[in-house]
Amino acid sequence: MPVARQAVPFLLVLLAAGALLRYALGPWGPIPAAILVLFVLFFFRDPARISPEGEGLVLSPADGRVTEVRRGPGGARISVFLSIFDCHINRSPVAGTVREVVHTPGRFHPAWQGRASQENERNHLVIASEAGDYGVTQVAGLVARRIVCTKKAGEAVRRGERIGLIRFGSRTDLHLPPGVEPAVAVGDHVRGGLTVMAREAPVTSRASGWS
């Protein structure tokens, strides 16, 4: 299975540590380093995925468990908690253009807590699509201290395309524009680029309802 390039520094350090342990302790010395190498390969796995086709589908930006679905006048927010066992590649929920990318320093509360969305270190992308602006917020957690975003403002993205990752446990929020209703509930397990999180109204309905 492909592995994200962000794994390389960890693998180099662990391989060097394994060599030193082999020299110092003998044949069994590198075993702890080998176990950690396997974990890094597992954590940074980057599987190829074929996103479902269909008009108006809004896909999950991450693998994990839905911990919150909050509705408001500005649109709904769906929060997904990623454990260390989930694939940590983030993906675009819709096709569109990245309008802005904003990084906000902050705290490192456990990612499953509701306050993490407002208080933790985070990276927020706004993706402009035909149905409106979608937001994807990469939220650092108690263990996750490094957010990686591979997109810049002005770049076009495809639905399901990779947009970054968060290292070692985190949270990803999906912000829906007004009029787009969530199709998942708290407790659902979702997969980035595969699970349908919401469905946009048909173009004719949007035109008649929002004109």
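Could you list, in sequence order, all residues of segment 70-100 that are over 21 Å from GLU181 (Cβ atoms), of a type outside the set (Asp, Glu) and more than 13 Å from the chain's Cα centre (by Cα)?
Within segment 70-100, PHE85, THR97, VAL98, ARG99 meet the criteria.
Which residues, counting only those in segment 84-103, are touching an Asp or Glu at 6+ places or on another chain (Cβ under 8 Å) and either crowded, with 20+ Cβ neighbours inside 10 Å or in a loop (DSSP other than H, G, I, E, B) (or both)?
ASP86, CYS87, HIS88, ILE89, ARG91, SER92, GLY96, VAL98
Have a look at GLY132, GLY114 and point out the one that is at pLDDT below 90, surrounded by fewer than 20 Cβ atoms within 10 Å (Cβ to Cβ) and either polar (S, T, N, Q) or within 24 Å of VAL69 (Cβ to Cβ) (or both).
Numbers: GLY132 fails: at pLDDT below 90.
Every option except GLY114 fails the conditions.
Based on what the data block shows, is VAL69 among the β-branched types (Val, Ile, Thr) and not assigned by TED's automatic domain parsing to the domain that holds CYS149?
Against the criterion (among the β-branched types (Val, Ile, Thr) and not assigned by TED's automatic domain parsing to the domain that holds CYS149), VAL69 does not qualify.
Starting from segment 176-188, keep only residues that are in contact (Cβ under 8 Å) with a residue 60 or more places away in the chain, then list their pairs with residues that are part of a loop (DSSP other than H, G, I, E, B) whose Cβ atoms are within a distance under 6 Å, requiring at least 6 positions of separation or different chains.
Within 6 Å, the pairs are LEU176/GLY75; LEU176/ALA76; PRO177/GLY75; PRO178/GLY75; VAL180/GLU200; PRO182/ALA76.
Would you say ILE78 is aliphatic (A, V, I, L, M) and not in a strand (DSSP E or B)?
It is false that ILE78 is aliphatic (A, V, I, L, M) and not in a strand (DSSP E or B).
Starting from segment 1-12, keep only residues that are touching a residue at least 24 places away in the same chain (Cβ under 8 Å), then list their pairs with residues that are assigned to a helix (DSSP H, G or I) whose Cβ atoms are within a distance under 8 Å, requiring at least 6 positions of separation or different chains.
Close Cβ pairs satisfying both conditions: VAL3/LEU41; ALA7/VAL40; ALA7/LEU41; ALA7/PHE43; PHE10/VAL40; LEU11/VAL37; LEU11/VAL40; LEU11/LEU41.
Select from segment 50-69 the residues that are crowded, with 16+ Cβ neighbours inside 10 Å and assigned to a loop (DSSP other than H, G, I, E, B) and write down the one among them that is farthest from the chain's Cα centre (by Cα).
GLY56
The values are calculated or read from the model by the stated rules, or taken from the named source; none is laboratory data. What you are looking at is a predicted structure, and each value in this text was computed from that prediction instead of being measured. We place every Cβ from the backbone using ideal geometry, glycine too, and count neighbours over all the protein chains shown.
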